[in-house]
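A quick write-up on the structure given underneath.
Just so it is clear, none of the values below were taken in a lab; they were calculated from the coordinates. Everything quoted here is computed from the prediction, not taken from an experiment. A quick note on method: Cβ atoms are made from the backbone with ideal geometry, for glycine too, and the neighbour counts reach across all protein chains shown.
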Amino acid sequence: MSLPPQFKPIQHHLRTAQEHETRDPVVAYYCRLYAMQAGMKLDSKSPECRKFLVKLMDQLESMKKEMSDNESITQEVVGNAHIENYAIKMFLYADNEDRSGRFHKNMIKSFYTASLLMDVLSVFGELSEENIQHRKYARWKATYIHNCLKSGETPE
Amino acid sequence: TGSVGTTVASAEQDELSQRLAKLRDQL
């Protein structure tokens, strides 16, 4: 189903969900839950957006049913820890590559995915100051290194 | 007809909100 233009701000979270469908369904579920909540705030009135949100909700309900024996889904506090650990793992991998002077597409993607997962953490409550700082840093690093590689510069 | 349209839209929105709350065990 094509994404209504109003939902552009959540397209990367939805893509991350798709990429984790088999790799880590818990990550996929919470990315979609975040997209659902954010999507409802962006536009829940226009017919194309409502149709999209209803489909997304169907998908979330069926994922929850399929993973009914998974504590990361049935208990949000466990889910919170799962997403936070995953985001930190992504961040540390990219940060380690960065500090070792290894700049490549994979580390850019890890920085960016870490920042997206920190957005997702907001479904569990207000983000900690540490998470906000990590998100800002990861997003900036991803953009900066991407631009350097594109223009042939060596990142500092 | 405008108000009918608005009523339908908000009813559907409520349904989504309710399904979301149920999904998150908040009902």
Against the longest principal axis of chain A, how steep is helix A:105-120, in degrees 0 to 90 to the nearest 10, with axes from Cα atoms? 40
Using the charge dipole of segment A:51-156 (Lys, Arg: +1 at Cβ; Asp, Glu: -1 at Cβ; taken about the Cα centre), state which of A:S62, A:A81, A:N96 has its Cα farthest towards the positive end. A:N96
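Over chain A, what portion of Cα pair distances is larger than 28 Å, expressed as a whole percent? Walk me through the numbers on the way to the answer.
Values: 3054 of 12090 pairs.
When every Cα pair of chain A is considered, 25 percent fall beyond 28 Å.
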Debye, to nearest 20: dipole size of segment A:7-156, +1 on Lys, Arg Cβ, -1 on Asp, Glu Cβ: 600
Treating the angle as unsigned and between 0 and 90°, give the value, to the nearest 10°, between the Cα long axis of helix A:129-151 and the longest Cα principal axis of chain A. 60
Once every DSSP H run of n ≥ 4 in chain A is given -39500 (n - 2.57) and the sum is divided by its residues, what mean residue ellipticity at 222 nm do you get, rounded to the nearest 500 deg cm²/dmol? -24500 deg cm²/dmol
Is there a simple number for the mean count of other chain Cβ atoms within 10 Å of the Cβ of residues in B:19-25, and what is it? 5
